[in-house]
Amino acid sequence: MTKLIAAAFAAVGILAATTAGAGQKPPDIAGANPQLPFLANAGQLDPRVAFYARTFAGTVFATHAGEIVYSLPARNGGWVLNESFVGGDAKPSAGPRSATRVSVLAPERAAADVAAVDSVRFGEVWPGVEVEVHARGSNIEKIFTLAPGAHDDAIDMAIDGATLSIARDGSLVAATGEGPVSFAAPIAFQEGVTGREPVVVRYRLDGNRYGFELGAYDRTRPVVIDPIIQSTYIGGSGTTFLQEGPRDIAVHPTNGDVYVVGATDSPDLPGVSGGAVPALSGNSSGFIARFNADLTTLYQATFFGGQADEWVSSIAVTASDVYVSGYTAAPTLPAGTTAGAQPTDPNPGADFNGFIARLPLSLTSITASTFLGGATNNLTQIYESMLHPNGDLYVCGRTSSGSLPNTAGGFDAANTPGDRTAFVTRVAPDLTSFTQTTYFSDGGFTGGTQCNAMVALAGSTDIVIGGTTEFGSFPPPNTAGGLTTTTTGSWLGRLNEALTQNPQSTWLTGVAAGTGTPNVYGLRVHPTSGDLYVVTEGRTDSPQPANATVGGGQVTCTGTFTCLLVLRLNPSLTSLVAGTFYGNPASSIVPRAYDHLAIDPASGDVFIASDGASNLPNTAGGIQPAPINTGGTPGMAVRIRGDLGQIVQATYLSAADTSGTSPYAVLVHPSVGQLYVAGYTGPGFPQTSGGAQPAIGNANGDGFVSRMTLDLLGSSSPGVLQVSPATYTVDEGNTVVQVTVTRTGGTDGAASVSYATSNATATAGSDYTTTSGTLNWASGDGAAKTISIPVLEDTTVENAETITVTLSNATGATLGTPAAATITINDDDVAQAGVVQFGAASYSVNENGGSVTLTLTRTNGADGAISVSVASGGGSASAGADYTALAQTINWAAGDAANKTVVLTVANDTADEVDETVTVTLSNPTGGATLGATASATVTIVDDDVTVTPPPTSNTQTRGSYGGGGFEWCSLLVLAALVLRRRLWMLAGGLVASMSIANAAEPVEGIYVGVRGGISQSTLDSGDIARRLADAGFDMDVSSDDSDSTWGLFGGYRWANGLGIEASFLDLGEFDVAMQGETSDPDGFLPVAAGTLGDAGYAGALTLGWQWTVTDSFAVTPRIGLYHWESESELSNGSEQVRVEDSGTEITGGLGLSWRLNPSWAIGLQWEVYDAGDHHDLRTWTASLEYAFGGR
């Protein structure tokens, strides 16, 4: 059947005549992509055909059997695709009748006035699912409408004649013999109160059959699946010095048509035939173009300009008119200036004058136009325009004129000619008068100041303008009370609608080192809150409002370049509501125009489109997760939550060519509910097939307009789960911390992630409540989830402590970065260092008792490390004769309330004397401690002598003891150079046997002795030691020296058959382990550290082996046996040592080589392994010298 249809088509010629519908003009240009009619089969084709359409990419047929047949153009013989509705009841019928009339001219099959329809309807193909097909340029667009309660899994399409696959961008690709045929990635939406609401959708593929999978949506309302997301070029063959392309974009308020303006030097710009100015004049000209909302049809384009260069920089559209503005170097304007407020060139020979023009929606004529400039002017440029609710048009830009019209009575009425300053002008809607003009400066300057953004405030008649000052000689007026102070950079100013008052201005950002001057690149009013949103640029170190990005989706931008900076302000310009950076400071974002900002009225989310940079954040899952070609600067679009607290999604916008892509303007279409971006790009920009201009006009670059879903997602993706932000701070107390977990980059399918808290420096149970669980998202759910963590109160004075919240076990989505959040708990307790005093006021000791121990106590608090000095002095006893003088410092670590002791040594003399006393006193408390009532104690030395004899000569030796270290809680840096010194001596006895090889001499029988020496190496594992220390609560960096020298003596008896017994002694050396870190428990650290070194020991051994004599001189001796070992380990932290001794019996084995020099002397090499315990082994490599007594 498909071959018969293709043959029938080959015999048919089609002649189409078009008629204009009301309010629009059908396309009449090569390269336009209009909606094409389907023709009814009135006998001119095979009777199985019901309707057919001839598209730019081939002919499509709708058959009475309910099939869609595509006949592709012949390149390799032609190709036919057959698409059918599996399990459905498809009945083709005519859609709305087209304005196009068609006559068919073919031999024997001519037909006049063949019915032409805009679409073919297949009816309710599956329960609740209706299908309609449109022919648009090179595309066939199938629209599936699901009634309330219908299921998307009922849709089942089959394609015969191709191999199907899904591309990375979500499109369905049918591979044919004529090359690939692409079915664009689908979109889906529901109509809501606020307009179209997007629904997540993607293709479902099973062999040669496909369907759709939808995300979450309201099943009580219909949902429409439309597989087209569209882009189009706009441009001709001109050169690229202009980077020709749209600079601004606007939408008609009722019919949804899309208007773009810009500049071009292409004489063959598409669509200008029939326009107000159909031909290019001068080197370059402004242009205006009108598209349908689908971007598949260019209704009309027109040049705008005189005999020199013009730029159309701004557009505003009403229900009946189009207003454009910009600047021109021409002395005349196109028709209409005679009725304008300034009909003639105000200063012939000036570099530029501003202009404003009014056109009908059709763009076929110019209703009115006017210059805007001054007699002393050599530069006036209009960058922005705005229709005020009062009906007037406002324009702003920059000028160097001192005589702009109607400045008298304005807020700032004067400007020194030659000084470039910002200006604002209010214009009557018919362009016949300038109601008011004001400069916007504070004193003369020779730098540059301009206005390039403007909005009308909600709930007020005031306006706000924004721009930049380049050289610092323009402080905006009335900045006192604004957000910040600087001398150069971006600013905002508020004016009343009459332009006579300036209630407030404010600086935004200043110049960071090594960067250019910030500007305002977009300014919008939030549709519900009325707050102002502004896009500028900056860096973390830029002059900017205090805490501008705290709580933002990207808090920092620290690097060489700047990022975009989005700020939210109150309408009075006196306070900052929120802010966020966006970008990669290692690669600069350089916006090129002033309409880079849009706000979605339904969600309140913020959209930015501009030049991009490499490695931008949050592009995963986007329409273009990475640039198509890295040779040129890519464009980008980003969606930011309305409170600026989350970067929801970003995507690159780039072409296959290296020309780069520069988005200049962006808006959210109010009725379609999609994002529209306009700008400049190169060849290979995605999704232009089916657009109004599918092919680029100049290989070096052209303008583009593109529409995309608001989620900015590419092919359906499950998304990425991560914490955002990653840091939180809370004061100690009975409160709850909410940690936010986001799902970005897609919402396809259900997803979940586990979470759990863990100690960092905080302790569960005393500082916070252990929390764990699972967060769940339904398919289509992209809302952020929260984890609630209770923070507890305590009375301990301590440093700030931290908790870690970790995400894990993500299912249905990817676990992103960061996957853990840190919560810092700030302490709110007052330190109580405690009271230090003696445990008793008096002590006694017999003269022959040797010493007395005095107790010191710390009570009423143990916060922080403290110390106190202890000294003897006073009383009847004499230092040196009766006791040893005492001078000592006693330390307590933070949290340590244990009693401490000091020892007073007394001398035993032979003098019969009265009891004597010595006073011991506390002084110099530190760390906030105080001395108690018992700050001194009296020690009584009780005499034990009966007779008086001369005192004997006494040699008294004092041995000091380690008294603690004064360790501050969690803050002391302990350099623990723990030295493992293991000396192993081995007494080994062994049996050695040899087995002769043919013609080899027998071993020398008899007693032998020898000496050996070499190196030994330990298999101590630093990482293993570090892990076992961490398990014990000590976080240490561990390093080890794993080798040393070894030596030994040996002797034994060897029989002629090779067997022998041997006794030996071997010193295996010593090995050092260094551990460095912090600990609050130095007293407990050394024993734990000793335990991590494993079972070491001192040794002895017995081995068994055979000696193979290979030649008269050379022999090989393997051996194996047991050995007994002993070892000792010394661990030191610089002031304290711990000695660990151990022993055991283990296995040893090895291999030796010997070379007999003569019957008595032999030399050898040995490799042996000694099992030294659970955690390491010892290996030796030695050389030996042996003497055999039986060799003589």
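Taken together, the values in this text are just the output of simple stated rules run on the coordinates, not laboratory data. Predicted model only: the values in this text are computed from it and were never measured. Here the Cβ positions follow ideal geometry from the backbone for every residue, glycine too, while neighbour counts run over all protein chains shown.
Less than 5 angstrom separates the built amide H of Ala885 from those of Gly880, all sequence-distant by 5 or more or on a different chain. For region 364-432, which trypsin sites (Lys or Arg not before Pro) are in a loop by DSSP, counting at most 10 other Cβ atoms within 10 Å? Sites meeting the loop and neighbour criteria: none at all. A simple count of charges around Thr449, restricted to other residues whose Cβ falls under 9 Å of its Cβ and scoring Lys, Arg +1 and Asp, Glu -1, yields 0.
For Gly1069, the residues whose modelled amide H falls within less than 5 Å of its own, excluding neighbours fewer than 5 places apart on the same chain, are Leu984. The order of Trp1167, Trp491, Trp1125, Trp507, going from fewest to most other C-beta atoms within 10 Å of their C-beta, is Trp1167, Trp507, Trp1125, Trp491. In order along region 1008-1014, the Karplus-derived 3J(HN,Hα) couplings, from 6.51 cos²θ - 1.76 cosθ + 1.60 at θ = phi - 60°, round to 9, 9, x, 9, 9, x, x Hz, and Gly and Pro are given as x.
Simple spin-label estimate for Arg221 and Asn255 gives 2.7 nm between the two label positions (7 Å along the Cα-to-Cβ direction from each Cα).
Give the shape of region 720-815 as rounded, prolate or oblate, defined through the alpha-carbon gyration tensor: a ≥ b ≥ c are the square roots of its eigenvalues, a/c under 1.5 means rounded, and otherwise the shape is prolate if a/b is larger than b/c and oblate if not. Prolate, since a/c reaches 1.5 and a/b exceeds b/c.
Computed from backbone phi with θ = phi - 60° and the Karplus coefficients 6.51, -1.76 and 1.60, the 3J(HN,Hα) list for region 732-743 is 4, x, 7, 9, 10, 8, 9, 9, 8, 10, 10, 10 Hz; x is used for glycine and proline. Indicate the gyration tensor shape class of region 526-615 (rounded, prolate or oblate), computed on the Cα atoms with a ≥ b ≥ c the square roots of the eigenvalues: a/c under 1.5 is rounded; otherwise a/b larger than b/c is prolate and the rest oblate. Taking the square roots of the gyration eigenvalues as a ≥ b ≥ c, region 526-615 is oblate.
Computed from phi, the 3J(HN,Hα) profile of region 62-67 under the Karplus parametrisation 6.51, -1.76, 1.60 (θ = phi - 60°) reads 10, 9, 4, 7, x, 10 Hz, with x in place of Gly and Pro. Exposure proxy for Lys785, Lys91: other Cβ atoms within 10 Å of each Cβ, ordered fewest to most, give Lys91, Lys785.
For Gly874, the residues 5 or more places off, or on other chains, whose built amide H falls under 5 Å of its own are Thr919. Scoring 538-549, 613-624, 688-699 by mean Cβ neighbours within 10 Å over their residues and listing the highest first yields 688-699, 613-624, 538-549.
So if we plug the beta-carbon distance of Ser460 and Ser182 into 1/(1 + (r/R0)^6) with R0 = 41 Å, what FRET efficiency do we get, rounded to 0.05?
After rounding, the FRET efficiency stands at 0.25.
Fewest-first ordering of His596, His252 by other beta carbons within 10 Å of each residue's beta carbon gives His252, His596.
Specify whether the C-alpha gyration tensor of region 835-942 places it in the rounded, prolate or oblate class, a ≥ b ≥ c being the square roots of the eigenvalues: rounded for a/c under 1.5, otherwise prolate if a/b is larger than b/c and oblate if not. In terms of gyration-tensor shape, prolate.
Note on Thr318 and Ala831: their simple-model spin labels are 7.3 nm apart, each label 7 Å out from Cα toward Cβ.
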